[in-house]
Amino acid sequence: MSQDDNEVRQAGVRRTVWRSVAALVGMFAFAWALVPLYDVFCRVTGINGQVDTTAQALVHDDVDESRMVTVQFITRNGSGLPWRLDVETRQVRLHPGQTSEVNFTFSNQSRSENWARAVPSVTPNTATRHVRKSSCFCFEEQLLQAGERVEMPLVFQLDRDLPPEVTTVTLVYTLYPVEGKTQKLQAGVKLDEGGEA
Amino acid sequence: MAPKVPPQPTLEQSTAAAEAGHGHAHEAPPKGIMRWLLTTNHKEIGTMYLIFSLIMFFIGGIFALVVRLELFQPGMQFVNPEFFNQMTTMHGLIMVFAAVMPAFTGLANWMIPLQIGAPDMALPRLNNFSFWLLPVAFGLLLSTLFMPGGGPNFGWTFYAPLSTTYAPPSTTFFILSLHIAGISSILGAINIIATILNMRAPGMRMMDMPLFVWTWLITSFLLIAVMPVLAGVITMMLMDINFGTSFFNAAGGGDPVLFQHLFWFFGHPEVYIMILPAFGIVSAIIPAFARKRLFGYASMVYATGAIAVLSFLVWGHHMFVVGMPLAAQLFFMYATMLIAVPTGVKIFNWVTTLFRGSISFEPPMLFALAFVVLFTIGGFSGLMLAIAPADFQYHDTYFVVAHFHYVLVPGAIFSIIAAVYFWLPKWTGHYPNVRLAQWHFWLSVISVNLTFFPMHFSGLAGMPRRIPDYALQFADFNMVSSIGAFMFGFSQLLFVAVIVMCVRGGQKAPAAAWGEFADDLEWSVPSPAPLHTFETPPTFKRPAH
């Protein structure tokens, strides 16, 4: 092969390699970009039961009295946090558009103060965007002293656009410890730092 | 410059042939181990890849046999559940990343320069580096089995939080080894793309390339597209485990389902990475032994491209049960079924090539024909799994295990075996021992069906995957599977025997070892191929169709 051909070939190889490397870097960046994109996608569509955790204004137009919806409350404790989360009633029945207030009781059963957060989730997914909360303990992290009990309200409504096939909405609250604010609970249990939930 | 005796008889012949065949002398290769550490020759590196993957195939096979031994009868007999989990996980990881992928890369190294008339890969030193990363990666991975807490035990898909919050301490080593293996694959892919796009013999257009070259080109693009995503996912795991982030931890605002999305965005193209080169191999072998031109060359190329594009749109079919919205389930279901169209085109082309051909049943052809039939069975069970409502029943059962073993064992592995039998005459100058290869074929094809066919039934009846013990009603199916697995495992020793015998001697092969319908450029160089070939580029002559 002549010298010229060889140089052309080498230049071609270099060009291909740089393009491949650019594609690689792009795909690596894309993988990381998928993390916020996934979050945004889930929030916008309400998939995955992710609710808006900022307070929303309640709408006070007329209540849709033509139908009743059952709202169930489930509380769970994740990760071995020595807290209890209780709800005064397991379920309420209300009309779309009607505002309701339900009290939740947090109790710290340990001998030390802890920080924790209750992370909400809504089922079915199609109802997620129609749950409006004006006040919720889930908006922020809670600090409880040793043995302390605190009652906190959830004020919410289901808006009138709730799809007609939804007759039951389940709100799940899972308690998670907040790292950096609690001491490690058990040796070997890894706690994770709270970002903005 | 008397040739020293290198560890491989193959290369002794190659070196001798190279020195006889070329006027200008190459530098004498370093002696002993340094020769192998420093080689930049595509044939030597290809050989190392193939030997490495063969060793890993046996290691992964031993893990599989531990699993099958425990499952021979219900109840806990031989290993404890913790170790059982490590065996299923390591079997999957080793077979995917250390056996099938390097075997294809080894074949690419050996054959792509020969098939396109290039003197070597475009980046020979990088080639050496990509290979030597592999023993490091998998030495590290295997060493986790001896660490306190044991090796990876969360399945080869390493779903978070099993692989983060609840993982053994060795998981960080697992992540590192996967990073190294990923870098190796990426560098290999860059090298292959650079070679194919820039090093073709004068006159060879893209649409003149043999299909093995085409399928590997497309596979390389897939590798470049998805290996960085895998790297990203395992880096996130690493950060969740060691640096207190919460990518996959709901407590900190993350989401374990995100892990599955990211993993399968990598994972589904990955399964095509393991099968596209197989399509190329089978497309070379079937015309050679049917003594006809391949039917529908162009449609093969487009079908391969279509499969590659679709592979990015179907990851959700692995996660139908995570609680996806109906619209997403439907999208993934139909997109998945769409893949059956280009795949069907390929099967159709192979069958049409066989139609009215003058077929003979040499060992590579036996394996290629078994590939077509058994891979199709795996494809059909894949279609069943693609149906979202049916998948709710099949998910996480042995039906899934049966499906992906049908596409990987009589699919990818059979194609690799076929390729080895097909190209052994070119590598060693000798034909493989036909009688022994036939024994190898029949034992393999019988035992592979004995192993995996009953899994369809135990799966449909509800037997879950990755469980060391099972209900009594599955006992018979499992016993049959275990007997088949041991048969299959030991039959592969015949494969080693055939290779060793072929390296040492046997019926001499001419340059065009398989007749006039195996006429790609590799068959124009002497058998065995000299160490250095095509230093002056050949002029490519388009075969008359």
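The values are calculated or read from the model by the stated rules, or taken from the named source; none is laboratory data. Quantities reported herein were computed from a predicted structural model and do not represent experimental measurements. A quick note on method: Cβ atoms are made from the backbone with ideal geometry, for glycine too, and the neighbour counts reach across all protein chains shown. Areas reflect the complete protein model, heavy atoms only, side chains present, ligands, DNA and RNA absent. Shrake-Rupley method; radii C 1.70, N 1.55, O 1.52, S 1.80 Å.
If you check A:59, A:44 for being within 30 Å of residue B:264 (Cβ to Cβ) and surrounded by fewer than 17 Cβ atoms within 10 Å (Cβ to Cβ), only one passes: A:44.
Report, by residue number, each residue of region B:484-493 that is open to solvent by 20 Å² or more (accessible area, probe 1.4 Å) and among the hydrophobic types (A, V, I, L, M, F, W, C). Once the filter is applied, which keeps residues that are open to solvent by 20 Å² or more (accessible area, probe 1.4 Å) and among the hydrophobic types (A, V, I, L, M, F, W, C), region B:484-493 yields B:486, B:487, B:488, B:490, B:493. Within region B:76-121, the set of residues being open to solvent by 10 Å² or more (accessible area, probe 1.4 Å) and outside any helix (DSSP H, G or I) comprises B:76, B:77, B:78, B:79, B:80, B:119, B:120.
A quick yes/no check of all residues on (1) at pLDDT 95 or above; (2) among the polar types (S, T, N, Q):
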| site | (1), (2) |
| --- | --- |
| B:311 | yes, yes |
| B:322 | no, no |
| B:330 | yes, no |
| B:334 | yes, no |
| B:338 | yes, no |
| B:342 | yes, no |
| B:348 | yes, no |
| B:354 | yes, no |
| B:360 | yes, yes |
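Residue pairs whose Cβ atoms lie under 9 Å apart, sitting 6 or more positions apart in sequence or on different chains, and linking a residue in region B:53-65 that is within 19 Å of residue B:78 (Cα to Cα) to a partner that is of a type in the set (Lys, Arg), do not occur here. Being surrounded by 20 or more Cβ atoms within 10 Å (Cβ to Cβ) and either within 12 Å of chain A (Cβ to nearest Cβ) or in contact with a Pro (Cβ under 8 Å, 6 or more places away or on another chain) (or both) is a property that holds for residue B:254. Checking each residue in region B:377-401 for being among the aliphatic types (A, V, I, L, M) and free of Cβ contacts under 8 Å to residues at least 24 places away in the same chain picks out B:384, B:390.
In region B:124-144 there is no residue that is closer than 19 Å to residue B:95 by Cβ, open to solvent by 20 Å² or more (accessible area, probe 1.4 Å) and in a loop (DSSP other than H, G, I, E, B). Scanning region B:151-190 for residues that are in contact with a Ser or Thr (Cβ under 9 Å, 6 or more places away or on another chain), within 14 Å of another protein chain (Cβ to nearest Cβ), farther than 30 Å from residue B:293 by Cα and in a helix (DSSP H, G or I) yields B:171, B:179, B:183, B:184, B:185, B:186, B:187, B:188, B:190. Across region B:507-545, the qualifying residues are those that are among the aromatic types (Phe, Trp, Tyr) and farther than 16 Å from residue B:287 by Cα, and the one among them that is modelled with the lowest pLDDT is B:540.
Looking only at region B:168-181, residues that are open to solvent by 10 Å² or more (accessible area, probe 1.4 Å) and in contact with a helix residue (DSSP H, G or I) (Cβ under 7 Å, 6 or more places away or on another chain) come to 5 in all. At least 3 residues being open to solvent by less than 20 Å² (accessible area, probe 1.4 Å) is the threshold, and among the helices (runs of 4 or more DSSP H) wholly inside region B:365-431 those reaching it are B:398-407, B:414-428. Only residues that are in contact with a helix residue (DSSP H, G or I) (Cβ under 9 Å, 6 or more places away or on another chain) and open to solvent by 40 Å² or more (accessible area, probe 1.4 Å) were counted across region B:494-507, and they come to 6.
Scoring residue B:221 on the criteria (1) open to solvent by less than 10 Å² (accessible area, probe 1.4 Å); (2) farther than 30 Å from residue A:78 by Cα leaves a single failure, condition (1). May I ask you to list the residues in region B:191-203 that are touching a helix residue (DSSP H, G or I) at 6+ places or on another chain (Cβ under 8 Å), open to solvent by 10 Å² or more (accessible area, probe 1.4 Å) and not in a helix (DSSP H, G or I)? If the condition is that a residue be touching a helix residue (DSSP H, G or I) at 6+ places or on another chain (Cβ under 8 Å), open to solvent by 10 Å² or more (accessible area, probe 1.4 Å) and not in a helix (DSSP H, G or I), then B:199, B:200 are the ones that fit. Selection of region B:34-52 for residues being buried (at least 19 other Cβ atoms within 10 Å of the Cβ) and either without any contact (Cβ under 8 Å) to a residue 60 or more places away in the chain or of a type in the set (D, E, K, R) (or both) yields B:36, B:43, B:44. Restricted to region B:240-251, and to residues there that are over 14 Å from residue B:161 (Cβ atoms) and more than 7 Å from every other protein chain (Cβ to nearest Cβ), the residue that is least open to solvent (accessible area, probe 1.4 Å) is B:242.
Looking across region B:324-348, the residues that are in contact (Cβ under 8 Å) with a residue 40 or more places away in the chain, surrounded by 15 or more Cβ atoms within 10 Å (Cβ to Cβ) and out of contact with any Leu (no Cβ under 7 Å at 6 or more places or on another chain) come down to B:329, B:332, B:333, B:336, B:342, B:343, B:345, B:346.
Under the condition of being part of a helix (DSSP H, G or I) and free of Cβ contacts under 8 Å to residues at least 24 places away in the same chain, which residue from region B:439-468 is nearest to residue B:372 (Cα to Cα)? Only one residue tops the list, namely B:442. The set of residues in region B:448-483 being closer than 17 Å to residue B:411 by Cα and either more than 26 Å from the chain's Cα centre (by Cα) or surrounded by 21 or more Cβ atoms within 10 Å (Cβ to Cβ) (or both) consists of B:448, B:451, B:452, B:455, B:456.
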